[in-house]
Amino acid sequence: MPNQRPHRDTIFPENARILERAEYPGDQVIIRVHAPQMAASAKPGQFAHIQCDPDLPLRRPISIMRVDARAGWVDFLFKVLGVGTRRLAARRVDEVLSILGPIGKTFESHMTHRRPLLIGGGVGMPPMVFLADRLREVKGAYEPFVIMGSEVPFPFKAQPSQIMVPGMPEGVIAAMPLLDDWGIASRLASQQGYPGTFEGYVTDLARAWLDALDDEQRKEVAVFACGPHPMLEAVAALAREYRLPCQVSLEEFMACGVGGCAGCVVEVQTLSGPAMKRVCVDGPVFEASAVFPAA
């Protein structure tokens, strides 16, 4: 009999030792763990289900930000929002975390769209970093542009970009240093007045970039996004307006994280009509038009 739950074959339990941790303003934390199985198989858009503390039965889903398959490490960025993430933030180097993963449907890039537009908001930034890293591995195939948005200080020290980007308003030069080092163009957006950032929404900055492209260049654009629901809805509307393919990664509360409890279902439009899909294993990546259909 064929496997009725193929997603279960890709989810591994692993005891991951914390290698590094760093705290940032806005109650943001980045941890690096030694998890060689996950590092070897994870793909952009996937997440891990992490036991924050042995005393807490429910795990927390946290997106994968970076991996190094050779060294066997995985990076996670998360924001302290409740008891679970507060306990996780309190864990220290050399402690061991119980993790499950990698979990979920991934982003899919296509060579016909060589100008990917990656948009990450808040804790939706990590999947965009992971995707950018994978795109750069295909030497010369893609010219991605990454937009990061945050209403709390960014979890890195922004720097003036060395990469020119068409359509950027005057003074919008702040970039993520890691992406600049990789040779990937990025810009930051916020309404908090941070130096060098765009004062407004990520979609407004994306529109400025799209309008600076000619018709043939816009045909090469595909949009990838992760962030809060209102941001994703706005990104989906922008992609629909410009007739661009768009994939979004949804952020939902989860209990089991492996498709058993159906506690994270969302309505998705399919060829046979509306259907309820589990964000954890049917997603978290969906076609934007399926989740945010035109009104």
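The values are calculated or read from the model by the stated rules, or taken from the named source; none is laboratory data. Because the structure is a prediction, the values reported are computed rather than measured. Positions of Cβ are generated from backbone atoms using ideal geometry, with glycine treated the same way; all protein chains shown enter the neighbour counts.
For the reader, a short list of remarks on this structure follows.
- Test: residue in segment 240-260 that is farther than 22 Å from V129 by Cβ and of a type in the set (V, I, T): yes
- Test for F286: is it loosely packed, with under 15 Cβ neighbours inside 10 Å, within 19 Å of the chain's Cα centre (by Cα) and either outside the structural domain of I99 (by TED's automatic domain parsing) or in a loop (DSSP other than H, G, I, E, B) (or both): no
- Selection of segment 177-197 for residues being part of a strand (DSSP E or B) and free of Cβ contacts under 8 Å to residues at least 12 places away in the same chain yields an empty set.
- The set of residues in segment 78-98 being in a strand (DSSP E or B) and either surrounded by fewer than 24 Cβ atoms within 10 Å (Cβ to Cβ) or in the same structural domain as F156 (by TED's automatic domain parsing) (or both) consists of K79, V96, L97, S98.
- Just one of the numbered conditions (1) assigned to a loop (DSSP other than H, G, I, E, B); (2) farther than 28 Å from A22 by Cβ; (3) among the aliphatic types (A, V, I, L, M) is not true of V172: (2).
- In segment 41-56, the residues that are in the same structural domain as D75 (by TED's automatic domain parsing) form Cβ pairs under 6 Å with partners that are surrounded by fewer than 24 Cβ atoms within 10 Å (Cβ to Cβ) and hydroxyl-bearing (S, T, Y), at six or more places apart or across chains, as follows: K43/T106; P44/T106; G45/T106; Q46/T106; Q51/S98.
- In segment 215-254, the residues that are assigned to a loop (DSSP other than H, G, I, E, B), closer than 19 Å to P144 by Cα and under 15 Å from the mean Cα position of the chain (by Cα): G227
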